[in-house]
Amino acid sequence: MAENLKPSSGYAPVIGLEIHVQLKTKSKMFCDSPNNPDETAPNKNICEICTGQPGTLPVANREAVRLAVIVGQALNCRIEEYSKFDRKNYFYPDLPKGYQISQYDRPIAQNGYLDIEVPGENGGSASKRIRIRRAHLEEDAGKNIHPEGADYSLVDFNRAGTPLLEIVTEPDIASAKEAKIFLQELRNIIRYIGAGSADMEKGTMRLEPNISVRKPGQLELPAYKVEVKNINSFRFAESAIEYEIARQAEILKEGGMPKQVTMGWNEKAGQTMEQREKEEANDYRYFPEPDLPILHFSKEYLEEALASIPELPAQKRARFKREYGLPDADIRNLTEWKELTEFFEEAISELDELAGKALPLKFAKMAANWCLQDFSALLNAAKINPLESKVTPHNFAELIKLIEQSKISATAGKQVLAKMFELGGEPSRIMEDLGLAQVSDAAVIEQAINKVVSENAKAVADYKAGLQKSFGFLVGMAMKELKGKGNPQVVNDLLKKKLE
Amino acid sequence: MDASFSEISELHEKLKNKEISSVELTEYFLQRIKKHNPQINAYLTVTEDAALEEAKEADKIIARRGKISVFTGIPFGIKDLFCTKGIRTTASSKILENYVPPFDATSVQKMRAENAIILGKTNLDEFAHGSSTETSAFGESKNPWDTSRIPGGSSGGSAAAVAAGLAPLALATETGGSIRQPSSLCGVSGWKPTYGRVSRYGVISMTSSNDSIGAIGRSVRDLALTAEVMSGRDEKDATTGNREVPQYSANLRTNLKGMKIGVPAEYFIDGMEDDVKKRVLDAIEELRKLGAEIIDVSLPLTKYGSLVYAIVTPSEISSNLSRFDGIRYGHQAKDARDLAEIYSKTRAQGFGDEAKRRIMTGTYALSAGYYEAYYLKAQKVRRLLVDEFNNVFEKVDCLVCASSPNVAPKIGAAKDNPLFGYIADQLNIPAAMAGLPALSVPCGFGAARDGADGGASSSVAGVQMPVGLQIIGPQWGEQKIFDAGHAYQTVTDWHKKMPPDFVPASPLPGKRK
């Protein structure tokens, strides 16, 4: 099947995405009940409004509207002066009012785009523009629960009425890989703005791709599209889209036409499966929500919103390259994790102070490496984010400086960082407590070398006879003599000198 | 004067002067309800125990402080469309027969904050769909002036309770005449506020875009007092306005010098009963004598009001009634085998014919392909109606006409005529669709002619039934209509008339003067 995916085969995927992002607000979209996706006790965060009691009315959450506007602006969308809510009418037990308050023909944001970096020719990367059709606000539904073996179902309304931003792209995406890159970039933007956790595993970001495939030579959009549901990780997103493309290309290749259906991704089977036949083309009877006034965005409001957008991932990446000269891969890895980036930048400014002058680029490279490797490993193992750890940017910066100045070896530095992570505290003190300070004092090292040279005459002779291996042995012995704290460079240099 | 037909300000004086306690007053009304409610079915629920508890509290407050609210210790009724915490709220529908809300409507909360005493919940057309209370799942209410006649609707229970002296005041709602028409038919005063003046929160929605929450009482002064309590911005209702609430009652005028009152030609419609027309013209003459300048005006778009209403109302109803699905509260069909049956059977069993009719019509009007032709177009015409009113209100301060083209018809005369409501509401709908404030005040009596619309062909029955004068104001123009209505009531006593069968044989006990 993978044959069909080769560009040379001429079968070109056409992919548009619908993404639901749960906005991070204190309260729900239209009432005061807490908006807490982590609540596990059923029907805890509910009130008369989000359970649709008679006579209750919605009031739009200002913060949700503001976040929607800002995300829209970050996605280069046009924010019209007026926007409104509409009712989408349908019956389902998890939908308390018998309609969902959503937005139909006047979404908060429309006609935007997001530029992503996709693999280009000759192994480089290229920028690709994915157009955003619209982004609109709506309320989420509750959750139906079907206890095993029971002859009843239950409904949990904790999620009912929580704010969602639905983002819809144009069908500009041409591969699973591009879809994944787009999603990751979008997720980072949402997180940088602080609009949500955008966590696919937790369901605070949900993806429904619409996939179709063009036949070789076909220019117009395919006459069908397949929607895929039940994707709750980036990995699933990639696999599901790849699978769908291959499946559809196969049908087209055999002269068939894929059905316009909704498929579900089945991770166990590693394939998409047609979902239970949906109700035929639902008529949702949209009409303007009469309980909510039209939203009006003044010029001042929009300017203020625009000004409040923090540095976005793409801007940050460009700046990191410019200011710190870090390799692209490091920059990407760092900026993927918003809190780690923040930690890194704080540490860099501390280093600036510690260094007392313009920051040597070497410091930045070292700090980035330590952030991405040892520190990330510790954080991931403890499942916390950098700002929650006991390692302060100040102490982290100090550690980098100790290493850079050879006051401690890299190996010992790892031990110190682990201790800092466990208990907190200053690295210089921990280094002393653990007796890990590096010895660079030539006199001390020379003393050790003299001892080693006099006690290992054979190795010295072997080295002089041309056996390079013996040099390493002698270094090891000298380091042992120095209890592992000798500065390797100094030991090397002095030993070489001694043996000349 | 007897307490059963006293105005709130009179009862307040008696309470304040310790001539009577709130407990005595409440007990008195409860006794009257016990005695007379079976005759008129105005109340669906009577909250006797809670009322007496609340009255005791009110008495303590009266004893404690010198200064009390005019509503402290005053009993009142509430249309059973308002959610009342801990008190069954049915909307006169089987689907909510045993529903007890966990919260109070904002307007109820405000009345409670004044320490007014809830006597109970009054009957209405099911979900307020109707003009007679005959669509109530719990039987129709009857007109205290002739119990073989309807009290009007949908706030018929509230109007009948006040007319029969079973409450000095009752909260009511209006979407297209539901306060003005029953007030007129029962000979009491009714206030329909500007849309957005009073919070709709907690009042079961019919047509969200023009539901108005008001009251029915014994005088315009009482309504002005009530308006001061009920009005104002509510953070729970995004459609309420931010405007300041004036001291309506303190500002009431007794002469109308300088006021310009418009008489719209289109409101004196064909089929209007002769006596109704005469009484209304008499009343306009009184207004002239009070100093008002009477001006003939024209509202040519009036006839489109009912058409707009006929589309917008069922459309919004079809959506607003969706929440009654048997899942979380209310009636749930016992014999349903799957989800689709829970919905279809619950709703088939729970809703009456009129609600079903409106759900069907509204669902159709909002369907794909029809939305633009119906709902959207209706909203555009509605905008024109608003503009037309705005233009007229540049020339006049308020408009006057009849509240209903006919006096109360016989029970059943309208029951099998689904268009009855729409015809009778014709005088009320344009202002309702435009969100304007209006009053109905009693302006005399007329001979009843039997037939749903008081049709010209019916025979004259000879019974004298109340006639109501309607006063319509511009948006936020409550003060103007209260002024006109109050001035009228200072020179007439139609609002003080009592239906003979309900005049108490013995006066209120417990007088200590």
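The values are calculated or read from the model by the stated rules, or taken from the named source; none is laboratory data. Quick caveat, the model's predicted, so the values are computed rather than measured. Ideal geometry is used to build each Cβ from the backbone, glycine not excepted, and the neighbour counts take in all protein chains shown. Side chains are part of the model used for accessible areas, which takes the heavy atoms of the whole protein and leaves out ligands, DNA and RNA. Shrake-Rupley method; radii C 1.70, N 1.55, O 1.52, S 1.80 Å.
Structure values in brief
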{"quantity": "Separation in nanometres of the label points that stand 7 Å from Cα toward Cβ, at A:E18 and A:R235", "calculated": "2.7 nm"}
{"quantity": "Most to least packed among B:179-190, B:398-409 [average Cβ atoms within 10 Å]", "calculated": "B:179-190, B:398-409"}
{"quantity": "Charge context of B:G196, other residues only, Cβ under 11 angstrom, K/R +1, D/E -1", "calculated": "+1"}
{"quantity": "Estimated inter-spin distance, A:S298 and B:L281, nm [label 7 Å along Cα→Cβ]", "calculated": "5.4 nm"}
{"quantity": "Nearest 10 degrees, 0 to 90: helix A:442-455 Cα axis against chain A principal axis", "calculated": "70 degrees"}
{"quantity": "Residues of chain A: accessible area per residue with a 1.4 Å probe, Å²", "calculated": "48 Å²"}
{"quantity": "Computed FRET value (nearest 0.05) for A:K451 with A:A329, which takes r as the C-beta separation and R₀ as 41 Å", "calculated": "0.35"}
{"quantity": "Beta bridges by DSSP in chain A, antiparallel share as percent, to the nearest 5", "calculated": "95 percent"}
{"quantity": "Charge tally in the Cβ shell below 13 Å around A:D291, where Lys, Arg are +1 and Asp, Glu are -1, A:D291 excluded", "calculated": "-1"}
{"quantity": "Using a Förster distance of 51 Å, the FRET efficiency for B:A340-A:N385 (Cβ separation, nearest 0.05)", "calculated": "0.65"}
{"quantity": "Debye intensity ratio I(q)/I(0), log10, chain B, q values 0.10, 0.12, 0.13 Å⁻¹ (C-alpha model)", "calculated": "-0.71, -1.04, -1.24"}
{"quantity": "Amide H contacts of B:S178 (H built 1.01 Å from N, under 5 Å, at least 5 apart or other chain)", "calculated": "B:S154"}
{"quantity": "Cleavage-rule hits, chymotrypsin sites (Phe, Trp or Tyr not before Pro), the range B:57-142, DSSP coil, Cβ neighbours within 10 Å at most 11", "calculated": "none"}
{"quantity": "Per residue, in Å², the accessible surface of the range B:238-373 once ligands and nucleic acids are set aside, probe 1.4 Å", "calculated": "48 Å²"}
{"quantity": "Farthest positive-ward along the range A:427-500 dipole, Cα basis, beta-carbon charges - from A:L474, A:L434, A:Q489", "calculated": "A:L474"}
{"quantity": "Residue-span extension gain [A:Q468 to A:Q373] - 0.36 nm each, minus C-alpha spacing", "calculated": "30.9 nm"}
{"quantity": "Estimated vicinal HN-Hα couplings, Hz - the range B:109-124 in sequence order (Karplus 6.51, -1.76, 1.60; Gly, Pro = x)", "calculated": "4, 5, 5, 4, 5, 8, 6, 7, 10, 7, 7, x, 10, 9, 5, 7"}
{"quantity": "The range A:152-206-the range B:215-257 distance, computed between alpha-carbon centres (Å)", "calculated": "48 Å"}
{"quantity": "Which listed pairs, of B:K14/B:K192; A:K88/A:K225; A:K88/A:K229; A:K365/A:K498, have C-alpha distances above 27 Å, in listed order", "calculated": "B:K14/B:K192; A:K365/A:K498"}
{"quantity": "Count of Lys pairs (Cα-Cα under 16 Å; at least 8 positions apart or interchain) in the range B:303-380", "calculated": "4"}
{"quantity": "Sites A:E201 and A:N111, calculated FRET efficiency, Cβ-Cβ separation with R0 41 Å, nearest 0.05", "calculated": "0.85"}
{"quantity": "Estimated inter-spin distance, A:S125 and A:L306, nm [label 7 Å along Cα→Cβ]", "calculated": "2.7 nm"}
{"quantity": "Where trypsin sites (Lys or Arg not before Pro) fall in DSSP loop in the range A:171-251, at most 16 other Cβ within 10 Å", "calculated": "A:K202"}
{"quantity": "Accessible-area composition of the range B:303-380, carbon plus sulfur, in percent [1.4 Å probe]", "calculated": "59 percent"}
{"quantity": "Of the GluC sites (Glu not before Pro) in the range B:235-344, those whose Cβ has at most 10 other Cβ within 10 Å and which sit in DSSP loop", "calculated": "B:E244"}
{"quantity": "Chain B - mean residue ellipticity at 222 nm from DSSP helices (-39,500 (n - 2.57) per run, n ≥ 4, rounded to 500)", "calculated": "-11000 deg cm²/dmol"}
{"quantity": "Rg and Dmax of the protein assembly as shown, Cα atoms only, in Å", "calculated": "38.8, 140"}
{"quantity": "Peptides A:13-19, A:387-393 ordered by average Cβ neighbours within 10 Å, highest first", "calculated": "A:13-19, A:387-393"}
{"quantity": "Hull volume in cubic angstrom per residue (convex hull over the Cα atoms of the range A:2-303)", "calculated": "157 Å³"}
{"quantity": "Derived scalar couplings ³J(HN,Hα) [the range B:361-374; Karplus, 6.51 cos²θ - 1.76 cosθ + 1.60; whole Hz; x for Gly, Pro]", "calculated": "4, x, 4, 5, 5, 8, 5, 3, x, 10, 3, 5, 6, 10"}
{"quantity": "Fraction of accessible area attributable to carbon and sulfur, the range A:76-229 (%, probe 1.4 Å)", "calculated": "45 percent"}
{"quantity": "Degrees separating the helix A:313-324 axis from the principal Cα axis of chain A, which is the longest one", "calculated": "20 degrees"}
